[in-house]
Amino acid sequence: MQPSKRRITIEAREALSAYALLAPWLVGLGLFVLYPLIYSFYMSFQNVRVTGDGLVMKPIGFLNYKNAFLQDGDFPLLLVQYMQETILTIPVIVLFSLLVGIMLNMRLPGKGIFRAIFFLPVIFATGQVLNEIFNQGAAGLSLLEQYNIQPYIESNFPKMFSDPLLAVLNKFVIVLWYSGVQIIIIVAGLQTIGRPVYEAAGIDGASRWETFWKITLPALTPFILLNTIYTIVEMFTFPFSPILGLITNHMKYTGYGYASALGWVYFSIAFVLILLVVWFFKRIDGQSDKRR
């Protein structure tokens, strides 16, 4: 009798092919992402000095983290201010991308050109370009000065609300420029909804308003979640983030250890915010399933 040969199943072949394709990305992730992250986390508990022989580290425990909130007069203030701006900006970008994505999915002549126009800023709008636009005063809305909206907001809202609101409005054009990827994601999500579903709803007498709330929006919920997470990451890496500038300055003048601690605090807040968003969307899905 011939020994039985073990044959590789189709599922195993597909799994091996997938791992083979993922291997370069996994290697790059380990070398250029995970290792720097772990090393920076280690440095955040050290007093790092740059010498002629390299980096000299001295363990200091949580002193860098304590100094970030108890000794540093700039970091907590800038962090609170930017978090207020971010909380206002994220819904604006998500809602804007949802509305524009729905319009670009309609049967309109030249919609491919409009899609390209909305995506072009993602390609060309580098940090230096955005800084130049902002310095020339083209990032805000002209109606703020035309209709004296800024003095009205300052006189009728508390300072803790008026400052972040005006900061967002002064960068409103740039904020909307950061909606290109989100719009493409919404358009892709709309393509997953079959037209027969809308036709069946129309036969049953459903209006466009009803089909939006009963069909379109529930189907787009995973894509809206993806857009929200993407926008959070994008806002935390925004070229105008004062926290990133502060971390860079501390890296140059205070030390890598303290800068790493600030970076990990910043990263932790972004991670917690993403977890809250995921929890919120899961709760919405759970409530909608119960209603069904």
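The table below lists the values:
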item: Gly286 vs. criteria modelled with pLDDT under 95, crowded, with 17+ Cβ neighbours inside 10 Å and either of a type in the set (Ser, Thr, Tyr) or in a helix (DSSP H, G or I) (or both); result: no
item: Helices (runs of 4 or more DSSP H) wholly inside the stretch 3-109 that include at least 3 residues being surrounded by 16 or more Cβ atoms within 10 Å (Cβ to Cβ); result: 63-70, 75-104
item: Some residue of the stretch 241-261 being in the same structural domain as Leu95 (by TED's automatic domain parsing), in contact with a Leu (Cβ under 7 Å, 6 or more places away or on another chain), open to solvent by less than 30 Å² (accessible area, probe 1.4 Å) and touching a residue at least 40 places away in the same chain (Cβ under 8 Å); result: yes
item: Leu78 vs. criteria in the same structural domain as Gly257 (by TED's automatic domain parsing) and at negative phi; result: yes
item: Filter result (exposed (fewer than 13 other Cβ atoms within 10 Å of the Cβ) and of a type outside the set (Gly, Ala, Ser)) within the stretch 178-209; result: Gln191, Thr192, Arg195, Pro196, Glu199, Ile203, Asp204, Arg208, Trp209
item: Verdict on Tyr198 being out of contact with any strand residue (DSSP E or B) (no Cβ under 8 Å at 6 or more places or on another chain), aromatic (Phe, Trp, Tyr) and farther than 17 Å from Asn105 by Cβ; result: no
item: Selection status of Met235, part of a helix (DSSP H, G or I) and either open to solvent by less than 50 Å² (accessible area, probe 1.4 Å) or modelled with pLDDT of 95 or more (or both); result: yes
item: First in the stretch 94-113 and farther than 13 Å from Gln191 by Cβ and outside the structural domain of Ile224 (by TED's automatic domain parsing), second anywhere and at pLDDT below 80 and open to solvent by 50 Å² or more (accessible area, probe 1.4 Å), Cβ under 9 Å, 6 or more apart; result: none
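The values are calculated or read from the model by the stated rules, or taken from the named source; none is laboratory data. None of the values given here were measured: they were computed from a predicted structure. FYI the Cβ positions are ideal-geometry reconstructions off the backbone, even for glycines, and counts take in every protein chain you see. Accessible surface is based on the protein model in full, side chains and every heavy atom, while ligands, DNA and RNA are left aside. Shrake-Rupley method; radii C 1.70, N 1.55, O 1.52, S 1.80 Å.
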